[in-house]
Amino acid sequence: MKTRTLLVGFLGILTAAWAWDALYVNPMYGDWPWLLRQHGLYLTGIWSISLMSLVMVLATRPAWLEGPLGGMDKIYHLHKWGGILSILFAAAHWLIEMAGDLLRDLIGKSGRPAKEAVFYLFQPLRSEAKDVGEIAIYLLLGLLVLALWRRFPYRPWRLLHKAMPVLYLMLVMHVVALMPLAYWSGQTGLLQAVLLAGGTVAAAIALAQRIGRHHQHAGRIDSFNQHGDVLEVVCDPGTGWTVHRPGQFAFVRFDRLEGAHPFTIASAPKRDSRLITFQIKALGDYTRKLSGRLYAGQPVMLEGPYGRLDWRRGRKDAAQVWVAGGIGVTPFLAWLESMQDTPSAVPVQMHYCVRDAKTDPFVKHIRNLCATLPNVSLHLHDASHSERLGASRLLAAGSPRNGKMDVWFCGPAGFARSLDESLRRLLGRGLRMHREAFEMR
């Protein structure tokens with residue numbers, strides 16, 4: 001299910017519950033400008049804190065949601081956009097609150113709704129709760145700017161991001177103290193109670209640094225080799241490791257200060273060995289310097305395996321197409337390796353897009369793997385020879401089956417969007433594009 005659909009559905013449920021309580025069960029009375037301002041204030045606040053609660057729960061990496069949401073990468077994609085929306089709604093909530101003074105100067109206080117009753121315990125704290133909420137919103141807006149500013153270094157951003165649970169708890173106090181008492185007795189209150197409780201527990205888990213603890217495994221580095229700008233790291237995940245499915249990934253922590261990063265497991269499970277391989281491309285400061293910080297036997301913390309990218313879940317009556325761009329080839333390496341032991345009769349068209357085939361570290365290995373698999377047809381697209389993959393070239397290599405095509409993609413996000421749009425114009429609803437959403441920031 002798409003992130004946009006989930007967020008719209010989530011907000012729709014919240015809005016319906018609020019509308020029932022605020023417009024039907026406990027309607028306010030006053031002049032329409034004041035009513036519009038008051039309803040906007042409460043609704044944006046409900047949207048914001050509810051999305052923040054959802055984001056906090058998703059931040060704990062709940063493995064039980066992988067199935068319904070399509071994998072941990074999709075969970076983090078929802079976490080990211082839910083967080084952005086929640087902060088934007090918080091900003092709208094603050095602006096509407098500030099608009100009260102302007103509205104008073106324009107039309108006066110006449111017709112303003114009566115002040116809503118709140119929990120008796122928090123009545124003396126209304127002013128403090130407003131101040132806490134305002135401070136939290138300022139800090140959240142600052143964090144959002146840094147998150148969207150890609151040049152801001154990852155490590156300080158990660159440390160600042162750890163403040164999110166504290167800011168969330170500040171806003172929980174703001175909501176509990178200021179949300180109208182009438183809301184708590186209705187559908188809105190029931191939803192908020194569940195969401196705030198879940199978010200508070202999630203915040204406590206984050207502050208206690210127990211996120212993903214049940215899926216963590218203390219392993220060690222068996223070996224590593226540098227191939228151009230790609231670092232191959234072979235790890236022993238330890239005896240408690242759950243055998244992964246080809247195409248899954250793990251959060252890997254080589255350095256406690258740096259934290260964990262997601263890397264696809266680029267090898268298939270082996271019967272006589274528990275070693276797993278990661279292929280890590282130098283894409284930033286951390287990965288460029290990583291080889292100089294590693295040594296054989298070094299402890300490493302692995303969390304996972306996660307992910308639901310599995311071509312075997314594709315439609316039986318659809319053409320199967322694999323598209324790898326650059327380092328996005330890693331899940332396909334695991335798939336091809338697994339097919340050496342358990343071959344498939346399903347025809348597969350594999351497209352591998354590289355900048356320069358002569359220097360690419362994977363071309364030779366992929367050719368050798370495909371050579372033993374008669375059902376897999378390999379198509380190499382070398383950008384140095386102006387061989388760029390588009391919809392027309394992809395369809396020329398293999399036609400849809402029964403008007404249907406399943407495309408399994410891993411590579412740059414811009415390339416994915418372009419290919420998806422062009423294929424969808426030609427195939428319509430017969431196309432299904434499956435890809436990982438690895439933009440964790």
task: Could you name every one of the helices (runs of 4 or more DSSP H) located completely within the range 143-227 that has at least 1 residues being modelled with pLDDT of 90 or more?
output: 164-178, 181-184, 187-207
Tally of residues being farther than 12 Å from Glu436 by Cα, in contact with a strand residue (DSSP E or B) (Cβ under 9 Å, 6 or more places away or on another chain) and of a type outside the set (A, V, I, L, M, F, W, C) across the range 398-424: 9
task: Within the range 323-350, track down each residue that is within 23 Å of Ser273 (Cα to Cα), free of Cβ contacts under 8 Å to residues at least 40 places away in the same chain and of a type in the set (A, V, I, L, M).
output: Met339
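Sort out which residues of the range 59-71 are assigned to a helix (DSSP H, G or I) and either surrounded by fewer than 22 Cβ atoms within 10 Å (Cβ to Cβ) or touching a Gly at 6+ places or on another chain (Cβ under 6 Å) (or both), and write them in order of number. Steps first, answer last, please.
Pass one, the range 59-71, residues assigned to a helix (DSSP H, G or I): 59, 63-69.
Those that are assigned to a helix (DSSP H, G or I) and either surrounded by fewer than 22 Cβ atoms within 10 Å (Cβ to Cβ) or touching a Gly at 6+ places or on another chain (Cβ under 6 Å) (or both): Ala63, Trp64, Leu65, Glu66, Gly67, Pro68, Leu69.
Condition first: in a strand (DSSP E or B) and farther than 19 Å from Trp241 by Cβ. Now tell me which residues in the range 281-305 satisfy that. Can you show your working first?
Taking the range 281-305 and keeping what is in a strand (DSSP E or B), we get 281, 299-305.
The one that is in a strand (DSSP E or B) and farther than 19 Å from Trp241 by Cβ: Lys281.
Does Tyr76 satisfy the criteria of being out of contact with any Asp or Glu (no Cβ under 8 Å at 6 or more places or on another chain), surrounded by fewer than 19 Cβ atoms within 10 Å (Cβ to Cβ), farther than 28 Å from Ala19 by Cβ and among the aromatic types (Phe, Trp, Tyr)? Walk me through it before giving the result.
Details: out of contact with any Asp or Glu (no Cβ under 8 Å at 6 or more places or on another chain): yes; surrounded by fewer than 19 Cβ atoms within 10 Å (Cβ to Cβ): no; farther than 28 Å from Ala19 by Cβ: yes; among the aromatic types (Phe, Trp, Tyr): yes.
Spelling it out, it is not the case that Tyr76 is out of contact with any Asp or Glu (no Cβ under 8 Å at 6 or more places or on another chain), surrounded by fewer than 19 Cβ atoms within 10 Å (Cβ to Cβ), farther than 28 Å from Ala19 by Cβ and among the aromatic types (Phe, Trp, Tyr).
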- request: Taking the residues in the range 399-429 that are over 27 Å from the mean Cα position of the chain (by Cα) and not charged (D, E, K, R) as candidates, determine which candidate is modelled with the lowest pLDDT.
  value: Ser399
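Checking the conditions here, which among Thr242, Thr277, Thr200 is among the hydroxyl-bearing types (Ser, Thr, Tyr), assigned by TED's automatic domain parsing to the domain that holds Leu51 and either touching an Asp or Glu at 6+ places or on another chain (Cβ under 7 Å) or surrounded by fewer than 19 Cβ atoms within 10 Å (Cβ to Cβ) (or both)?
Numbers: Thr242 fails: assigned by TED's automatic domain parsing to the domain that holds Leu51; Thr277 fails: assigned by TED's automatic domain parsing to the domain that holds Leu51.
Selected residue: Thr200, the only one of Thr242, Thr277, Thr200 that is among the hydroxyl-bearing types (Ser, Thr, Tyr), assigned by TED's automatic domain parsing to the domain that holds Leu51 and either touching an Asp or Glu at 6+ places or on another chain (Cβ under 7 Å) or surrounded by fewer than 19 Cβ atoms within 10 Å (Cβ to Cβ) (or both).
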Residue list for the range 28-38, filter: more than 14 Å from Lys115 (Cβ to Cβ) and in contact with a helix residue (DSSP H, G or I) (Cβ under 9 Å, 6 or more places away or on another chain): Asp31, Pro33
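Residues checked against (1) over 28 Å from Gly70 (Cα atoms); (2) modelled with pLDDT of 95 or more; (3) over 24 Å from the mean Cα position of the chain (by Cα):
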position: Gly259; (1), (2), (3): no, no, no
position: Ala266; (1), (2), (3): no, yes, no
position: Thr277; (1), (2), (3): no, yes, no
position: Leu290; (1), (2), (3): yes, no, yes
position: Leu294; (1), (2), (3): yes, no, yes
position: Val300; (1), (2), (3): no, yes, no
position: Glu303; (1), (2), (3): no, yes, no
task: Look through the range 95-136, keep the residues that are among the polar types (S, T, N, Q) and part of a helix (DSSP H, G or I), and return whichever of them is nearest to Ala22 (Cα to Cα).
output: Gln123
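Which ranges mark the strands (runs of 3 or more DSSP E) fully within the range 315-388 that have 3 or more residues being in contact with a Lys or Arg (Cβ under 9 Å, 6 or more places away or on another chain) and of a type outside the set (S, T, N, Q)? I'd like the intermediate steps shown before the answer.
Working: elements: 319-325, 348-354, 376-382.
Filter on the range 315-388 gives 376-382.
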task: Show the residue pairs that are 6+ apart or on different chains and have beta-carbon atoms under 6 Å apart, the first residue being within the range 393-422 and polar (S, T, N, Q), the second being surrounded by 14 or more Cβ atoms within 10 Å (Cβ to Cβ) and in a helix (DSSP H, G or I).
output: Ser422/Ala391
field: Search result, residues across the range 245-260 that are surrounded by fewer than 19 Cβ atoms within 10 Å (Cβ to Cβ) and either in a strand (DSSP E or B) or small (Gly, Ala, Ser) (or both)
entry: Arg253, Gly259
- request: Go through the range 129-185 and give me each residue that's under 24 Å from Ile211 (Cβ atoms), more than 20 Å from the chain's Cα centre (by Cα) and of a type in the set (A, V, I, L, M).
  value: Ala136, Leu139, Val166, Leu167, Leu169, Met170, Leu171, Val172, Met173, Val175
query: Which one is surrounded by the fewest Cβ atoms within 10 Å (Cβ to Cβ) among residues in the range 28-58 that are among the hydroxyl-bearing types (Ser, Thr, Tyr) and assigned to a helix (DSSP H, G or I)?
result: Thr44
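Hey, could you check the range 1-14 for residues that are in a helix (DSSP H, G or I) and surrounded by fewer than 14 Cβ atoms within 10 Å (Cβ to Cβ) and say which is nearest to the chain's Cα centre (by Cα)? Outline the logic, then answer.
Kept after step one, since they are in a helix (DSSP H, G or I), are these residues of the range 1-14: 3-14.
From the residues that got through so far, the ones that are surrounded by fewer than 14 Cβ atoms within 10 Å (Cβ to Cβ) too are 4-5, 8-9, 12-13.
Details: Arg4: 12, Thr5: 15, Val8: 16, Gly9: 18, Gly12: 21, Ile13: 22 Å.
Here the residue is Arg4.
The values are calculated or read from the model by the stated rules, or taken from the named source; none is laboratory data. Please read these numbers as outputs of a predicted model, since none were measured by experiment. Methodologically, a virtual Cβ is constructed for each residue, glycine included, from the backbone with ideal geometry; neighbour enumeration extends over all protein chains shown.
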